[in-house]
1. Provide 61, 21 in ascending order of the number of other Cβ atoms located within 10 Å of each residue's Cβ, fewest first.
2. Can you put 94, 188, 118, 152 in order of Cβ neighbours within 10 angstrom, beginning with the fewest?
3. Remind me, what semi-axes does segment 3-138 give for its equivalent ellipsoid, largest first in whole Å, using sqrt of 5 times each Cα gyration tensor eigenvalue?
4. Count charges around residue 28 for me, please; just the other residues with Cβ under 10 Å from its Cβ, Lys/Arg as +1, Asp/Glu as -1.
5. Karplus couplings for segment 102-116 from phi (6.51 cos²θ - 1.76 cosθ + 1.60, θ = phi - 60°), rounded to Hz, Gly and Pro as x?
Amino acid sequence: MSRPLALFLALAAAPALAEPLRFGGINGADDLAGSSELTACRPTTDGLQRCQLARQTFGGLEIAGSEALLNRTGQVRSLRIDLDRADFELARQMLTGRYGAPQASGWTRFDDGARIGMARTARATVISFDFPQNSAAGQPSTRRADWLLPAMIGLGLLLGWLLFRLRRAQPRRAVPVRAQSPMAPMSMRETLERRLREGQEIRF
């Protein structure tokens, strides 16, 4: 496809906002590990996958290089497309025709903070699709939250059981019994008075 024709198709397309963000068959929701959109996938040292786009053109413009980064569940975290440096303006107009007018930082009005960015380096026009909701850093934290609460409950029960056993194992201290002082002998007078109170017979 010639560049003038590609530009005509881009300008003819009605501006639209894609929510959720989708580029061909690539989006932020699906497991793309076995997708025909990607090729040459290889694992990374941290459990991710790096792939290349299977397609060779972007709206009729030749793709010089590409890289898609998938998280541990196969969802795309980011996609980078390299075009010829001279294709910057044409690519920007095609993206505007597909996704609407960009903001200062690119196209940002997509689901969960997904965005499209453009940059022109010394050698290439770089288009980036970023899906922060599929961030590799966020995946383990979600899984940790699944087992953290049960682990804390289990630890609390274990500590309570150990405390109970320790208390039972401690010997009970005997309660000291106060020694009772021997009753002092009653005098004759006290004996007589007690007998009179109790109505006992007094013999002389």
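Read-outs: derived from the displayed coordinates by stated rules, not from any lab. Note that this is a predicted model, so its numbers are computed, not measured. Cβ placement follows ideal geometry from the backbone for every residue including glycine, while neighbour counts extend to all protein chains displayed.
1. Placing the least packed residue first, the sequence is 61, 21.
2. With the sparsest Cβ surroundings first, the list reads 188, 152, 118, 94.
3. The equivalent ellipsoid of segment 3-138 has semi-axes of 24, 17, 13 Å.
4. Surrounding charge for residue 28 is -2.
5. After applying 6.51 cos²θ - 1.76 cosθ + 1.60, I find x, 8, 4, 9, x, 9, 10, 8, 10, 5, 6, x, 4, 8, 10 Hz.
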